[in-house]
Amino acid sequence: MLFRSILYQNYNKLFLFEKNGEKLVKKVFSNKFCWENETKVVGIMKYNGFLVPEIVATNYLENTYKFIEDSNFESILKKYPEKIDLLLDFVDNFRVLPKKDFLIFDKSKENIEMATNMLFNQEDIKKSLYFKILDFSSKYTQKFSRVIHGDFRPSNVFGRKKVVKEIIDFEFTGVGDPNKDLAYLWVGTININKKLKKYLKTKFEEKNYFDEKAFSYWNMYMNLMVLCNPRTKERKSWIINLKEILDEI
């Protein structure tokens with residue numbers, strides 16, 4: 001019995017349904033790469049002791065998972081912002097995974113160029129901001145190389161108030177800049193609770209892989225990707241975010 005469907009930001013579709021009294025989630029992927037990479041990564045993560053949703057069945061461009069009963073941390077942080085420490089601890093767990101088991105990929109510069117051109121052609125951004133974005137992108141160089149989740153937002157992490165239990169969405173998990181995970185966690189969290197802004201930055205600076213320019217680059221990247229989503233609301237506020245990021249550099 002199908003009881004709900006959700007369209008994710010990256011246009012993958014989720015279908016929640018029941019079979020023999022058990023709740024399941026069918027994830028239909030938008031492209032072959034995302035499906036292949038997530039299926040592979042879930043296996044690697046499970047082998048290394050990470051709690052991930054169990055894949056009940058896999059077919060071309062779709063996986064069926066057991067439904068996660070726990071709350072996601074987006075809803076937890078709304079009530080208990082201090083629980084961000086659980087995510088800060090968990091984000092480092094990816095760093096111990098062997099890089100040889102994961103793909104190396106980064107099309108961020110290409111994606112930034114495409115997104116910036118689209119926003120400029122739609123007259124969402126002015127020429128001055130257009131050139132600032134492309135100039136900053138051209139100067140970014142990756143200093144650190146670790147295994148990263150690639151979409152480390154509170155909404156992709158599940159658990160209780162005292163523990164992180166499961167994590168989802170591994171389409172873009174691979175070897176890359178760990179500052180990307182910090183930036184995604186930052187953007188996903190401060191929109192929930194702006195009081196965490198100063199605390200998070202202090203905690204990030206304690207990490208030996210944190211780099212201010214790289215963090216700003218990935219912060220800019222996520223804001224651009226959000227703006228490219230036609231379902232995004234409050235577009236002006238995201239553009240203001242972009243201006244603030246570039247002004248602070």
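Applying the condition of being open to solvent by less than 70 Å² (accessible area, probe 1.4 Å) and among the charged types (D, E, K, R) to the stretch 75-122 and asking which residue is nearest to VAL147 (Cα to Cα) yields ARG95. Within the option set VAL52, VAL56, being under 21 Å from the mean Cα position of the chain (by Cα) and among the β-branched types (Val, Ile, Thr) holds for one residue only, VAL52. Within the bounds of the stretch 20-36, is there any residue that is surrounded by fewer than 14 Cβ atoms within 10 Å (Cβ to Cβ), without any contact (Cβ under 8 Å) to a residue 24 or more places away in the chain and either within 17 Å of PHE158 (Cβ to Cβ) or more than 19 Å from the chain's Cα centre (by Cα) (or both)? Looking through the stretch 20-36, at least one residue is surrounded by fewer than 14 Cβ atoms within 10 Å (Cβ to Cβ), without any contact (Cβ under 8 Å) to a residue 24 or more places away in the chain and either within 17 Å of PHE158 (Cβ to Cβ) or more than 19 Å from the chain's Cα centre (by Cα) (or both). Every residue in the stretch 218-249 that is of a type in the set (Val, Ile, Thr) and assigned to a loop (DSSP other than H, G, I, E, B), please. Across the stretch 218-249, the qualifying residues are THR232, ILE249.
With the checklist (1) open to solvent by 40 Å² or more (accessible area, probe 1.4 Å); (2) without any contact (Cβ under 8 Å) to a residue 40 or more places away in the chain in hand, flag the one item PHE67 doesn't pass. Answer for PHE67: the failing condition is (2).
Note on the stretch 120-176: among residues that are farther than 16 Å from PRO53 by Cα and small (Gly, Ala, Ser), the one that is nearest to the chain's Cα centre (by Cα) is GLY150. PHE172 meets the conditions (1) within 30 Å of THR39 (Cα to Cα); (2) modelled with pLDDT of 95 or more in every case but one. The failed one is (2). The number of residues in the stretch 99-130 being under 30 Å from VAL163 (Cα atoms) and free of Cβ contacts under 8 Å to residues at least 24 places away in the same chain comes to 1.
Mind checking which residues of the stretch 59-72 are out of contact with any Phe, Trp or Tyr (no Cβ under 8 Å at 6 or more places or on another chain) and not acidic (Asp, Glu)? Give the derivation first.
To start, the set of residues in the stretch 59-72 that are out of contact with any Phe, Trp or Tyr (no Cβ under 8 Å at 6 or more places or on another chain) comprises 59, 64-67, 69.
The answer is ASN59, THR64, TYR65, LYS66, PHE67.
Taken over the stretch 123-149, the criterion of being aliphatic (A, V, I, L, M) and either closer than 21 Å to GLU248 by Cα or open to solvent by 80 Å² or more (accessible area, probe 1.4 Å) (or both) is satisfied by ILE125, LEU129, ILE133, LEU134.
Evaluating LYS207 against the criteria (1) farther than 19 Å from PHE131 by Cβ; (2) modelled with pLDDT under 90 leaves one unmet condition, (2). Farther than 30 Å from LYS195 by Cβ, open to solvent by 60 Å² or more (accessible area, probe 1.4 Å) and among the aromatic types (Phe, Trp, Tyr): does that describe TYR60? Yes; evaluated as a whole, the condition is true for this residue.
Of (1) in contact with an Asp or Glu (Cβ under 9 Å, 6 or more places away or on another chain); (2) more than 26 Å from VAL28 (Cβ to Cβ); (3) at pLDDT below 95, ALA214 satisfies all except one. Which? Just one mismatch for ALA214, condition (3). Reported count of residues in the stretch 203-249, each being of a type in the set (Lys, Arg) and open to solvent by 80 Å² or more (accessible area, probe 1.4 Å), is 5.
Within 19 Å of MET222 (Cα to Cα) and at pLDDT 95 or above: is that true of SER137 in this structure? Steps first, please.
Numbers: within 19 Å of MET222 (Cα to Cα): yes; at pLDDT 95 or above: yes.
It is true that SER137 is within 19 Å of MET222 (Cα to Cα) and at pLDDT 95 or above.
The values are calculated or read from the model by the stated rules, or taken from the named source; none is laboratory data. The structure displayed is predicted, hence computed values, not measured ones. Here Cβ is always computed from backbone atoms with ideal geometry, including for glycine, and neighbour counts include all displayed protein chains. All accessible areas refer to the heavy atoms of the entire protein, side chains included, with ligands and DNA or RNA removed. Shrake-Rupley method; radii C 1.70, N 1.55, O 1.52, S 1.80 Å.
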